[in-house]
1. Considering only region 50-87, how many residues are in contact (Cβ under 8 Å) with a residue 24 or more places away in the chain, open to solvent by less than 30 Å² (accessible area, probe 1.4 Å) and under 16 Å from residue 33 (Cα atoms)?
2. Would you check which residues across region 25-56 are more than 16 Å from residue 84 (Cα to Cα), among the aromatic types (Phe, Trp, Tyr) and in contact with a strand residue (DSSP E or B) (Cβ under 7 Å, 6 or more places away or on another chain) and list them?
3. Name the single residue, out of those in region 1-38 being at pLDDT 85 or above, out of contact with any Phe, Trp or Tyr (no Cβ under 9 Å at 6 or more places or on another chain) and assigned to a loop (DSSP other than H, G, I, E, B), that is most open to solvent (accessible area, probe 1.4 Å).
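The values are calculated or read from the model by the stated rules, or taken from the named source; none is laboratory data. For clarity, every value in this text was computed on a predicted model and none was experimentally measured. Here the Cβ positions follow ideal geometry from the backbone for every residue, glycine too, while neighbour counts run over all protein chains shown. Side chains are part of the model used for accessible areas, which takes the heavy atoms of the whole protein and leaves out ligands, DNA and RNA. Shrake-Rupley method; radii C 1.70, N 1.55, O 1.52, S 1.80 Å.
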Amino acid sequence: MSRGLGDVYKRQVVAEPTTETAPEAKVFYSNGSLRLDNLNGYTGYVYSIYGSAVSNFKINSDSETKSVNLKAGIYTFTGVKGNEKVSLKFSVR
């Protein structure tokens, strides 16, 4: 039985870390501020749904807020720390 693109999309989990390296990692966006929880020591990258780099920064605490001006759309946050990598999707309305 073949699966269509819709089947794959329905099974995709949004806003959950993709690795066990930072299972409590969370990303929130509101009014020009990106809040990052449990990502101390990571370098953060924000990409548009089209793969364009929007922002990058170093995260220096367990709860940090970065000023990032994002238009409405879907974005991917990727955090890298050594060999560890965490990816989360989030939307801006």
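1. Count: 6.
2. 28, 29, 47
3. Top of the filtered list is 31.
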